[in-house]
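Novice: Below are the structure tokens for one structure; questions will follow.
The values are calculated or read from the model by the stated rules, or taken from the named source; none is laboratory data. In this text the structure is predicted, and so the values were computed from the model without any measurement. Reconstructed Cβ throughout: ideal geometry from the backbone, glycine too, with neighbour counts over all protein chains shown.
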Amino acid sequence: MNAMDFDPRDIRAFEHASWERVAADYGATFAAATRGFIEPLLDAAGVAGRTRLLDVCCGPGLVASAAAARGARAAGVDFSSAMLAIARGAEPRVEFSQGDADALPYAEASFDAVVANFGVHHVPRPPAALAEMRRVLAPGGRVAFTTWPRPDRNVPWRLLFDAIRAHGALDAAKTPPSGGTINSEESCRAALAEAGFHGIGVELIERAWVVKSAHDLIAAFRNGTARTAALIDAQERDTLPAIAAHMAQHAEGYRRGAELHIPIAAIVAWGVKPVISDQ
């Protein structure tokens, strides 16, 4: 199936329920996979002191908080009230609002930089979200977002999917697909160009996701993601030990003492809103 087989409202409802469910555990689980890409994201957006920044799909506010630490005048927006409650409790320097990425509750040209850390590919209509990010940017402002490469290019997902392929069913989860395929350098460039951005750049960045065991890796996927969590939860219960054992065996090559240092990659993409005279 593809995104055209589902009403965007179905995709939104699935995503919203997923992020409401994982909000309490996200910071202690899957955030370890995403934190390493926050500073490159802010660098790509040119965030510095006094930058008016909007963090779209802000979740628990980690990116907005990092921007505020740079001296930016940061705001964050998310559709999950559970995530926003955590963000507001953790970061009083940032104004957080509830809203959808494809209908941002801000006026035109309100920000110098707009970022989204692993959020655009979760939106029912990514082109609409990028258009909204462009709308609220001031002319000459910068947009930047991160996304995951395809699972076959990213070790943590490859470990999981290979284990499920061997012992479970990759088609077990009957969930709506993502709203669009933004999982390669080429697709990121195309999405930004179609949204009207200039000066487009894309970079693949690699980090290490440090966990103590493959069981912690599975727990992070189950307690900090949407579709991947649904895939794990859809497996037959008696297959889960074999899936975990398969992952543990193949993850041992990344062991460094008492921890696993699993390579993880993300795409950082950015662009510039043309100044009025260029439009």
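Novice: So Ala131 passes all but one of these: (1) closer than 27 Å to Gly71 by Cα; (2) in contact with a strand residue (DSSP E or B) (Cβ under 6 Å, 6 or more places away or on another chain); (3) of a type outside the set (D, E, K, R). Which condition number does it fail?
Specialist: (2)
Novice: If you scan segment 175-211, which residues turn out to be under 17 Å from the mean Cα position of the chain (by Cα), modelled with pLDDT of 95 or more and part of a loop (DSSP other than H, G, I, E, B)?
Specialist: Listed by number, the list holds a single entry, Ser184.
Novice: Of the residues Ala166, Ala82, Ala138, Ala172, which single one is assigned to a loop (DSSP other than H, G, I, E, B) and in contact (Cβ under 8 Å) with a residue 12 or more places away in the chain?
Specialist: Ala172
Novice: Now for a separate question. Condition check: assigned to a helix (DSSP H, G or I), under 17 Å from the mean Cα position of the chain (by Cα) and at pLDDT below 95. Does Ile11 satisfy that?
Specialist: Numbers: assigned to a helix (DSSP H, G or I): yes; under 17 Å from the mean Cα position of the chain (by Cα): yes; at pLDDT below 95: yes.
Yes.
Novice: For segment 91-119, how many residues are among the aliphatic types (A, V, I, L, M) and either assigned to a loop (DSSP other than H, G, I, E, B) or more than 20 Å from Ala72 (Cβ to Cβ) (or both)? Even if it seems obvious, please write down each step before you answer.
Specialist: The initial filter retains those residues of segment 91-119 that are among the aliphatic types (A, V, I, L, M), namely 94, 101, 103-104, 107, 109, 113-116.
So of that shortlist, the ones also either assigned to a loop (DSSP other than H, G, I, E, B) or more than 20 Å from Ala72 (Cβ to Cβ) (or both) come out as 94, 101, 103-104, 107, 109.
Final tally of qualifying residues: 6.
Novice: Oh, and also: Go through segment 29-65 and give me each residue that's among the aliphatic types (A, V, I, L, M), touching a residue at least 60 places away in the same chain (Cβ under 8 Å) and either part of a loop (DSSP other than H, G, I, E, B) or touching a helix residue (DSSP H, G or I) at 6+ places or on another chain (Cβ under 8 Å) (or both).
Specialist: First pass over segment 29-65, keeping only residues among the aliphatic types (A, V, I, L, M): 31-33, 38, 41-42, 44-45, 47-48, 53-54, 56, 62-64.
From the residues that got through so far, the ones that are touching a residue at least 60 places away in the same chain (Cβ under 8 Å) too are 31-33, 38, 41-42, 44-45, 47, 53-54, 56.
Selection gives Ala31, Ala32, Ala33, Ile38, Leu41, Leu42, Ala45, Val47, Leu53, Leu54, Val56.
Novice: Does any residue of segment 250-257 turn out to be assigned to a strand (DSSP E or B) and either more than 20 Å from the chain's Cα centre (by Cα) or loosely packed, with under 12 Cβ neighbours inside 10 Å (or both)?
Specialist: yes
Novice: So His121 ticks every box in (1) at pLDDT 95 or above; (2) out of contact with any Asp or Glu (no Cβ under 7 Å at 6 or more places or on another chain) but one. Which box is left unticked?
Specialist: Every listed condition holds for His121 apart from (1).
Novice: Test Gly49 against the criterion of being over 24 Å from Trp270 (Cβ atoms) and either among the small types (Gly, Ala, Ser) or buried (at least 23 other Cβ atoms within 10 Å of the Cβ) (or both), and give yes or no.
Specialist: no
Novice: So is Ala90 without any contact (Cβ under 8 Å) to a residue 40 or more places away in the chain, closer than 15 Å to Phe37 by Cβ and more than 14 Å from the chain's Cα centre (by Cα) or not?
Specialist: no
Novice: Another question, then. For the subset of segment 124-165 comprising residues that are in contact with a Lys or Arg (Cβ under 8 Å, 6 or more places away or on another chain) and surrounded by 18 or more Cβ atoms within 10 Å (Cβ to Cβ), which member is nearest to Gly224 (Cα to Cα)? Quick ask: steps written out before the conclusion?
Specialist: To start, the set of residues in segment 124-165 that are in contact with a Lys or Arg (Cβ under 8 Å, 6 or more places away or on another chain) comprises 124, 134, 137-143, 151-152.
Checking the rest, the ones that are also surrounded by 18 or more Cβ atoms within 10 Å (Cβ to Cβ) come to 124, 134, 137, 141-143.
Details: Pro124: 19, Arg134: 28, Leu137: 30, Gly141: 31, Arg142: 28, Val143: 25 Å.
Looking at residues that are in contact with a Lys or Arg (Cβ under 8 Å, 6 or more places away or on another chain) and surrounded by 18 or more Cβ atoms within 10 Å (Cβ to Cβ), I get Pro124.
The rows are residues; the columns are (1) surrounded by 15 or more Cβ atoms within 10 Å (Cβ to Cβ); (2) in contact with a helix residue (DSSP H, G or I) (Cβ under 6 Å, 6 or more places away or on another chain); (3) charged (D, E, K, R).
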position: Lys174; (1), (2), (3): no, no, yes
position: Ala190; (1), (2), (3): no, no, no
position: Lys212; (1), (2), (3): no, no, yes
position: Thr239; (1), (2), (3): yes, yes, no
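Novice: Find the residue count for segment 176-188, including only residues that are touching a strand residue (DSSP E or B) at 6+ places or on another chain (Cβ under 8 Å) and crowded, with 17+ Cβ neighbours inside 10 Å.
Specialist: Residues that pass the stated criteria total 3.
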